[in-house]
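What follows is one structure encoded as C-alpha cells, with my remarks underneath.
The values are calculated or read from the model by the stated rules, or taken from the named source; none is laboratory data. What you are looking at is a predicted structure, and each value in this text was computed from that prediction instead of being measured. Because the Cβ atoms are built from the backbone with ideal geometry, glycine has one as well, and the counts that use them run over all protein chains shown. Accessible surface is based on the protein model in full, side chains and every heavy atom, while ligands, DNA and RNA are left aside. Shrake-Rupley method; radii C 1.70, N 1.55, O 1.52, S 1.80 Å.
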Amino acid sequence: MTTDHLHGFDSLAVHAGQDADPTTGAVIPPVHFSSTYAQDGIGGLRGGYEYGRSGNPTRTALETQLAALEGGRHALSFASGLAAEDALLRAALKPGDEVLIGDDVYGGTYRLLTRVLGPWGIRVRVVDTSDADAVRAALAERAPQLVWVETPSNPLLRIADIAGIAAAAHEVGALVVVDNTFASPALQQPLSLGADVVVHSTTKYLGGHSDVVGGALVIDDDDLAEQAKFLQFAAGAVSGPLDAWLTTRGIKTLALRMRRHSENARAVADHLNAHGRVARVYYPGLAEHPGHDVAARQMSDFGGIVSVALADAAAARRFAESTRVFTLAESLGGVESLVNYPDAMTHASVRGTALAVPEEVVRLSVGIESPEDLLQDLDDALAGL
C-alpha cells in the first residue's frame, strides 16, 4: 500500500511500511525470521533479499516507517543506538577529523567518541550547544567536520536551536547530526530544521515499552546513506527481526504515548517546581527554563523527561532509592515511570570530564500512569529526605 495520500503523523505511524501480507491478507505484516533467501538463479534475488545481515523484510518495514516519520529519504535500523552512532561516525569521518559536541550529551556517545574512536584519530571539542554565541565562536575558531547536537539533552534538558546551529555549521562545511531520542519525531523533526542526520535510540520512546534495544539513522543525503548502509552490512550491527517488529509495533502508538508522557511530565514539573525540598526543576515546558522559547518554536510539546536538583548528592541518592511507582532503573521512554541517578548510573563514564552531571541531579522518565499516583509517589519520597 502506498502512503502518498497520507500526510498526518499519526496515520504514517500506523501505515508506513505496513502493507498487508500479500499471501494471507494479514493486516499485521509477519515477522521474517529467515536468515537466508531462495534465489531464482544465481543473483536472482526476490525483492533484493539474499542474507539476513544485508536485508530482512521486517527490518525494511521498520526503516520505511522511520524515514516517513522523520521526513527523510533513507533510514537504517541497528542493534542499538550506539551501533547506529558508530556506523554514522565511521561513515562520515576519517582519522584526524573533529567532532564538536555539546557539554551535556549522553555519556555513551562521549565514551564512543573518546575511547573507541579517539584511538582511531577522531578529535572531540566540547561546547554548550544551548548557547548560540558559544557555538558560533567555536565554529569560527576552527571548523569541525561534524557538529553533534542533542536536544533536549540528557539529563539536563538543555535546548539547542537546531535551525540556527545547522545554518552556522553549514557555512563552515560541517555536517549536523541531531540525537532526537528525547523528543522523538512525534514532537520534533530535525531534518525539516536543517539537520543532515537524525540519530535515535529506538530503545526509548520509539519502542516505548522497555522490551527491545535498538537504534536508527535517518539521512537525506544519498551518498552518506549509502556509506552508512555499507557499514551496517559490513560490520553487521543490524536489528534482529523480532526487535524490528517490536519497535514497529511501539511506533504505531507513539503519538498517543508522547501526548500522555508530555501531559504527565508537565504535571510533575509544575508540582516539583513548587516543592520546598526541590532546589531546581529542569523541564523545557517551564516558562523559566532557559531554552523554553526555542523549545516552543521547534517542538510541538516538551516531552516526558524531568530532571530535578535536590539539596546535595546524599539527598538525591536517597530520593532515587525511595520511590515506589517510579522504578529505579537505567533507560527511559517506556510506558512505566523510571527514576535514575545519572552520576552513578547512565553518566558514570563522564565523571571528572566537562560533561560530568551534577551529583545532586536525579532524572525522571515520566510514564503514562495516573498522574495523581505519580505525584503522591514523589511526595512520599521527598518527605523522607
Please go through the range 301-323 and pick out each residue that is part of a loop (DSSP other than H, G, I, E, B) and over 29 Å from ALA186 (Cβ atoms). LEU310, ALA311, ASP312, GLU321, SER322
Within the range 343-380, the count of residues that are open to solvent by less than 20 Å² (accessible area, probe 1.4 Å), among the hydrophobic types (A, V, I, L, M, F, W, C) and farther than 20 Å from VAL278 by Cα comes to 2
Check THR23 against each of (1) surrounded by fewer than 18 Cβ atoms within 10 Å (Cβ to Cβ); (2) touching a Lys or Arg at 6+ places or on another chain (Cβ under 8 Å); (3) among the β-branched types (Val, Ile, Thr) and name the one condition it does not meet. (2)
For a quick check of your reading of the model, give me the residue pairs whose first member lies in the range 101-121 and is without any contact (Cβ under 8 Å) to a residue 24 or more places away in the chain, whose second is open to solvent by less than 70 Å² (accessible area, probe 1.4 Å), with beta-carbon atoms closer than 7 Å and at least 6 apart or on different chains. THR114/VAL124
Restrict the check to the range 198-208 and report whether at least one residue is within 18 Å of the chain's Cα centre (by Cα), open to solvent by 10 Å² or more (accessible area, probe 1.4 Å), within 20 Å of GLY55 (Cα to Cα) and β-branched (Val, Ile, Thr). no
Take the range 210-232 and flag every residue that is over 18 Å from the mean Cα position of the chain (by Cα), closer than 21 Å to THR248 by Cβ and open to solvent by 20 Å² or more (accessible area, probe 1.4 Å). LYS229
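Quick grid of which residues meet (1) acidic (Asp, Glu); (2) under 24 Å from LEU193 (Cβ atoms); (3) out of contact with any Asp or Glu (no Cβ under 9 Å at 6 or more places or on another chain):
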| residue | (1), (2), (3) |
| --- | --- |
| HIS289 | no, yes, yes |
| ASP293 | yes, yes, yes |
| ASP301 | yes, yes, no |
| SER331 | no, no, yes |
| THR346 | no, no, no |
| PRO358 | no, no, no |
| LEU385 | no, no, yes |
Of all residues in the range 1-43, which are aromatic (Phe, Trp, Tyr) and over 25 Å from the mean Cα position of the chain (by Cα)? PHE33, TYR37
For the range 152-195, which residues satisfy the criterion of being surrounded by fewer than 21 Cβ atoms within 10 Å (Cβ to Cβ), hydroxyl-bearing (Ser, Thr, Tyr) and closer than 19 Å to HIS289 by Cβ? none
